[in-house]
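The values are calculated or read from the model by the stated rules, or taken from the named source; none is laboratory data. Here the structure is a predicted model, which is why all the values come from computation and not from measurement. We place every Cβ from the backbone using ideal geometry, glycine too, and count neighbours over all the protein chains shown. Only protein heavy atoms, including side chains, enter the accessible area calculation; ligands, DNA and RNA are left aside. Shrake-Rupley method; radii C 1.70, N 1.55, O 1.52, S 1.80 Å.
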Amino acid sequence: MEENTMVTVLMATYQGKQYLEQQLDTILAQTVPVKILISDDGSDDGTREMLENYAGWYPEQVFLHHRTEHTGGAAGNFFWLMQEALKDEKNEYIFFSDQDDVWENNKVSVMLHRMKVLEKGLGKQCPILLYSDMEVVDEELYEISPSFAAYTHQDPDRNSFAELLVENQVTGGASMINRALLARCAKKPEICCMHDWWMALTASCFGVIEFMPRTLSKYRQHGDNVLGAKDAGSFGEMKARLGRGKEVEQNYRRMLNQGIAFGRRFWKDMDKAQRMTLRAFLALPYQSAAGRLKNIRYNHFYKNSALQTLAMCVTLPRAEKLRQPKGEQAAEGETCEGKASATKRGAGKAAEQEQEA
């Protein structure tokens, strides 16, 4: 590795004292020197005091850049950190870290080497997102599954723009990006479900996404996980979804709002095929189940399993049911902000454009 290569790890924390020390130690123990840029979202459990200790012990590696306004949860915190990282031109490569995982001590060196190989072939101006597999573990780091991708029934080859519009494949804590992608997606979007989903959409449109099948970290599952690992393709999980009708409806609203926000941000930069794909995606709420199935098959709006894809045909609410309930507030971190009225206007316009195309 070149001596002047700058590797920066972004970490957003909140009430994470219980597992934070172990994670910080594994990052600082990397075989490649790294800088850790941390933003805490107003913790009062001793997390901030612990971070201040680490900043004092490692003044050349640990830097605290806390936000003054605590809104937007994990996604808002990470976008804030990306903006901070973008200010320093020396920040060439960005890793993202959860506050409760454990990294293998060669994670950075392995992923950095692969990133440099990709940049050599594609050029440093190409936005690149690289992410690895993870071992799923419990609170005490006992193995639940040797592969996060297998446990959640993910197919890493499903990284097209169309597929990523309906389902995120990328886990932030397993990811790294180059500066070209950082420049594209550092600005916080008007609406976004999670920062890693937004990064994946951006990379799929304007660059490259690559999955490394190597397990380079332990993904800890515990009672306070914001999202966590779920056996998403199982019948048990699908059955559980049936009892969460309102939550499922909200998730579809967020997904569609995110698509509209992406179009507003990047429409001029997208090619004709990408625009047509986005129009077709936003037309889904206006179609019958049969029309959706035809649309999904034609545009490849496939989820990780056939069962999930079929369920989307049936359970995605009609446009009139996707209106934002009066006074409803999106939960921080794992939700999208914004109004469903915007979804309705955007989807309606997209449907009209799709019919004209």
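Please list 251-262, 58-69 highest first by mean number of surrounding beta-carbon atoms within 10 Å per residue.
Order by mean packing, descending: 251-262, 58-69.
Give the calculated FRET efficiency between residue 314 and residue 22 to the nearest 0.05, with a Förster radius of 56 Å applied to their Cβ-Cβ distance.
0.80
Just to be sure I understand the model, the point goes 7 Å from the Cα along the line to the Cβ. What's the resulting residue 58 to residue 271 distance in nm?
With each label placed 7 Å out from Cα toward Cβ, I get 4.2 nm.
Just grab the label-to-label distance for residue 109 and residue 87, each label 7 Å out from Cα along the Cβ direction, in nm (one decimal).
That separation, rounded to one decimal, is 3.3 nm.
What order do you get for 118-126, 274-282, 79-87 when each peptide is scored by the mean count of other beta carbon atoms within 10 Å, highest first?
Ranking, from highest mean packing down: 274-282, 79-87, 118-126.
Computed FRET efficiency, Cβ-Cβ of residue 142 and residue 45, R0 25 Å: what is it to the nearest 0.05?
My answer for the efficiency is 0.55.
Taking amide H positions as placed 1.01 Å from N in the peptide plane, with prolines and chain starts having none, which residues 5 or more places from residue 36, or on another chain, fall under 5 Å of its amide H?
For residue 36, whose amide H was placed from the backbone, the distant partners under 5 Å are 9, 62, 63.
So what is the accessible area of the stretch 2-41 per residue, in Å², with the probe set to 1.4 Å?
On a per-residue basis, the stretch 2-41 sits at 40 Å².
Which of the listed residues, 56, 34, 24, is farthest toward the dipole's positive end in the stretch 13-154, when Lys, Arg count +1 and Asp, Glu count -1 at the beta-carbon?
Checked the options; the winner is 34.
Applying a 10 Å radius around every beta-carbon, put 106-117, 201-212 in order of their mean neighbour count, most first.
Descending mean neighbour count gives 201-212, 106-117.
Is there a pair in 124/294; 218/303; 35/246; 272/303 whose C-alpha atoms are over 31 Å apart, and which pairs would that be?
Going by Cα-Cα distance, 124/294; 35/246 fall outside the 31 Å limit.
Residue separation times 0.36 nm, minus the C-alpha to C-alpha distance between residue 214 and residue 247: what's the value?
The span from residue 214 to residue 247 would gain 8.5 nm if fully extended.
I'd like the FRET efficiency for residue 29 and residue 297, computed as 1/(1 + (r/R0)^6) with the beta carbon distance as r and R0 of 41 Å, rounded to 0.05.
For residue 29 and residue 297, the calculated efficiency is 0.25.
So if I take the alpha carbon set of the stretch 1-105, get Rg, then get Rh from the Kirkwood formula, what is the Rg over Rh ratio?
We get a ratio of 0.94 for the stretch 1-105.
For the stretch 84-236, would you read off the P(r) tail past 27 Å as a percentage of all alpha carbon pairs?
Cα-Cα pairs in the stretch 84-236 separated by more than 27 Å: 21 percent.
Whole number in Å², please: accessible area per residue of the stretch 257-311, 1.4 Å probe, ligands, DNA and RNA not counted.
With all protein chains present, the stretch 257-311 gives 49 Å² per residue.
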